[in-house]
Amino acid sequence: MQKARVILTLIVLITVLGTVMSFKAAKRRQQSNLFYPTTGDFTSNGASRNLTYAYLAPYRTFRTDIYELPVNVTRPLYTGTTQTWTTIGGAFYFITVVTGPIWPTLAGIYDDAGQ
């Protein structure tokens, strides 16, 4: 029983360590999804506001196949988002907005292709 517990603990630790390392490697290589700003009307308690928020784009910064070619995208895309708050009708709401510089098209933008 003790041996099984030690082996199971090692498996869990290796899995957690591998997951953390893969996220750090992906962040270092700037592998992420892209977002674009869009606007929408939000209504609460009879009050309405038009807000600009981040929407997940169908593009990413990395390829999943060695033969995948970059696509030409005409709208500005961003890798960074942040949470901010606003009030609508006296109530507080959190929305996600894009931050940081525009992702350069020369760095390659790839179609998500429903993945």
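The values are calculated or read from the model by the stated rules, or taken from the named source; none is laboratory data. The structure presented is a predicted model; accordingly, all values stated were derived computationally and were not measured. Please note: Cβ atoms are built from the backbone with ideal geometry, for glycine as well, and neighbour counts cover all protein chains shown.
So which residues in region 43-86 are surrounded by 11 or more Cβ atoms within 10 Å (Cβ to Cβ) and acidic (Asp, Glu), if there are any at all?
Matches in region 43-86: Glu68 only.
Sort out which residues of region 74-115 are more than 15 Å from the chain's Cα centre (by Cα) and polar (S, T, N, Q), and write them in order of number.
Passing the criteria: Thr74, Thr84, Thr86, Thr87, Thr105.
Of these, Gly80, Gly100, which one is assigned to a strand (DSSP E or B), at pLDDT 85 or above and on the phi > 0 side of the Ramachandran plot? Break it down stepwise before answering.
Numbers: Gly80 fails: on the phi > 0 side of the Ramachandran plot.
Only one candidate passes the filter, namely Gly100.
Looking only at residues that are over 18 Å from Ala54 (Cβ atoms) and without any contact (Cβ under 8 Å) to a residue 40 or more places away in the chain in region 87-101, which one is surrounded by the most Cβ atoms within 10 Å (Cβ to Cβ)?
Taking region 87-101 as the starting set, the residues that turn out to be over 18 Å from Ala54 (Cβ atoms) are 87, 89-92.
Going one step further and asking which of them are without any contact (Cβ under 8 Å) to a residue 40 or more places away in the chain, we end up with 87, 92.
Details: Thr87: 11, Phe92: 9.
Out of the qualifying residues, it is Thr87.
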